[in-house]
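K.L.:
First, the structure itself, so that you have it in front of you.
The values are calculated or read from the model by the stated rules, or taken from the named source; none is laboratory data. As the structure is a computational prediction, the values presented were derived from the model and not from experiment. Cβ placement follows ideal geometry from the backbone for every residue including glycine, while neighbour counts extend to all protein chains displayed. Each accessible area value is taken on the protein alone, full model and side chains, heavy atoms only, with ligands, DNA and RNA left out. Shrake-Rupley method; radii C 1.70, N 1.55, O 1.52, S 1.80 Å.
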Amino acid sequence: MTVRPLLAEQGYTVAGWIREQRLARCRQDLVDPAMHHLPVGAIGARWGFPDPAHFSHAFKAVYGMSPREARTARG
């Protein structure tokens, strides 16, 4: 069996699953005190979101808050 049917069983496309994983890594970096020196846009770019506006929109669609709000709410 290939990856595509396995992901489809969980309600994902391959691209959707990859995007969710990248956004989760962004979220981890945003709340990591060791990453606080990096601008929010740099964290998005680091995980494949080079356009800050697109990153913010995608992040908010999944987590219900902007990346900046997520960073502020970390602690």
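K.L.:
Scan 71, 46, 27 and give me the residue that is of a type in the set (D, E, K, R), touching a residue at least 24 places away in the same chain (Cβ under 8 Å) and open to solvent by 60 Å² or more (accessible area, probe 1.4 Å).
P.N.:
27
K.L.:
Taking into account only those residues within region 1-13 that are of a type in the set (A, V, I, L, M) and open to solvent by less than 80 Å² (accessible area, probe 1.4 Å), which is farthest from the chain's Cα centre (by Cα)?
P.N.:
Only one residue tops the list, namely 8.
K.L.:
Sticking with this structure for a sec: If you go through region 14-38 one residue at a time, how many are more than 18 Å from residue 52 (Cβ to Cβ), more than 8 Å from the chain's Cα centre (by Cα) and not polar (S, T, N, Q)?
P.N.:
Within region 14-38, residues that are more than 18 Å from residue 52 (Cβ to Cβ), more than 8 Å from the chain's Cα centre (by Cα) and not polar (S, T, N, Q) number 9.
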